[in-house]
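So the structure is just underneath, and the comments pick up after that.
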Amino acid sequence: MSNSGPTKEDLIQQQILGEAKRLFQVYGLAKVTMDDVAKAIGKGRSSLYYYYKSKDEIFDAVMIIEIREMLTAMTRAVDQATGTEQKLHAFFLTKLEVVREKRAFFKMLDVGMDADTLSDFNKTKIVHHHQIIRQESALLERLFSDGMNKGEIRKMPASELETLIFVLLSGLRGLKRELELESHSEKLAPAVDLFTHLTMYGLKY
């Protein structure tokens with residue numbers, strides 16, 4: 001009988017990434033070294049290099065997990081909802097809730113960076129941002145296509161659907177920033193309700 005559970009190497013990689021994420025969140029990406037990560041997992045630096053060749057490689061792996069967790073939560077919420085409006089509401093609300101939960105991690109990443117390091121980090125952020133946008137766009141496209149097929153929203157050409165998704169994701173990012181700046185967590189639910197209602201109104205008429 002085959003064992004489908006994680007291997008020893010899988011568990012070590014999970015440990016490395018878990019400790020690296022914790023260190024990044026506490027000290028910022030710039031201040032954490034490979035030695036710090038190796039010490040945190042109780043292994044020598046040579047053992048760490050067997051799995052990851054650099055801190056940047058570790059950070060990319062951590063970000064892949066963060067993005068996957070966010071998209072998994074959003075996909076699950078959308079799939080569990082019934083009807084286009086409820087699915088759209090689930091998408092918006094889960095996106096904002098997950099980002100809020102991960103805020104402590106993301107806000108510490110660029111602490112202590114000099115200008116050159118920050119410039120390189122911003123380029124990396126753009127790459128990860130595009131990965132998120134592509135996956136979120138695919139989820140919204142599936143959601144809207146299903147709604148059109150069921151007659152719950154009006155038919156749209158591909159170009160209009162692409163523009164709609166761009167506008168919605170841009171608006172959602174703006175809403176996220178305002179909620180964070182003003183620390184208005186109590187406004188999250190009513191803001192999502194209104195955002196969903198306005199979107200659906202435009203999709204029906």
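The values are calculated or read from the model by the stated rules, or taken from the named source; none is laboratory data. No experiment lies behind these values; they were computed from the predicted model shown. As a convention, Cβ positions derive from the backbone with ideal geometry for all residues, glycine included, and neighbour counts pool all protein chains shown.
Exactly one residue out of R177, R154 is touching a Leu at 6+ places or on another chain (Cβ under 9 Å) and surrounded by fewer than 15 Cβ atoms within 10 Å (Cβ to Cβ): that is R154. Could you grab me the full set of residues in the stretch 180-196 that are of a type outside the set (A, V, I, L, M, F, W, C) and surrounded by 13 or more Cβ atoms within 10 Å (Cβ to Cβ)? Those that are of a type outside the set (A, V, I, L, M, F, W, C) and surrounded by 13 or more Cβ atoms within 10 Å (Cβ to Cβ): E180, K187, D193, T196. Checked across the stretch 29-43, the condition of being under 24 Å from the mean Cα position of the chain (by Cα), surrounded by fewer than 17 Cβ atoms within 10 Å (Cβ to Cβ), at pLDDT below 95 and not charged (D, E, K, R) holds for no residue.
May I ask you to list the residues in the stretch 11-65 that are touching an Asp or Glu at 6+ places or on another chain (Cβ under 9 Å), within 22 Å of R103 (Cα to Cα) and among the small types (G, A, S)? A20, G28, A30 - these are the residues of the stretch 11-65 that are touching an Asp or Glu at 6+ places or on another chain (Cβ under 9 Å), within 22 Å of R103 (Cα to Cα) and among the small types (G, A, S).
A residue that is surrounded by 16 or more Cβ atoms within 10 Å (Cβ to Cβ) and either closer than 26 Å to V127 by Cα or without any contact (Cβ under 8 Å) to a residue 40 or more places away in the chain (or both) can be found somewhere in the stretch 3-12.
Where helices (runs of 4 or more DSSP H) sit wholly within the stretch 26-95, those with at least 2 residues that are among the acidic types (D, E) occupy 34-40, 55-80. Taking the stretch 175-204 as the range and being small (G, A, S), farther than 16 Å from I165 by Cβ and in a helix (DSSP H, G or I) as the test, the residues that pass are S185, A189, A191. With respect to the conditions (1) touching a Ser or Thr at 6+ places or on another chain (Cβ under 9 Å); (2) over 20 Å from A73 (Cβ atoms), L168 falls short on a single one, namely (2). Which of the residues that make up the stretch 99-115 are over 14 Å from the mean Cα position of the chain (by Cα), at pLDDT below 90 and not in a loop (DSSP other than H, G, I, E, B)? Of everything in the stretch 99-115, just one residue is over 14 Å from the mean Cα position of the chain (by Cα), at pLDDT below 90 and not in a loop (DSSP other than H, G, I, E, B), namely M108. Give me the residue from the stretch 58-85 that is surrounded by 14 or more Cβ atoms within 10 Å (Cβ to Cβ) and among the charged types (D, E, K, R) and, out of that set, modelled with the highest pLDDT. Per the stated criteria, the residue is E85. Taking the criterion of being of a type in the set (D, E) and either more than 18 Å from H89 (Cβ to Cβ) or free of Cβ contacts under 8 Å to residues at least 40 places away in the same chain (or both), the residues of the stretch 173-194 that qualify are E178, E180, E182, E186. Given the criteria surrounded by fewer than 17 Cβ atoms within 10 Å (Cβ to Cβ) and of a type in the set (D, E), does E136 qualify? So E136 fails the test. Close contacts from the stretch 68-92, counting a first residue that is at positive phi and a second that is assigned to a helix (DSSP H, G or I) and at pLDDT 95 or above, with Cβ to Cβ under 9 Å and a gap of 6+ residues or different chains, come to G83/G147.
Across the stretch 112-130, a minimum of one residue is classified as surrounded by 13 or more Cβ atoms within 10 Å (Cβ to Cβ), over 30 Å from D146 (Cα atoms) and in contact with a helix residue (DSSP H, G or I) (Cβ under 7 Å, 6 or more places away or on another chain).
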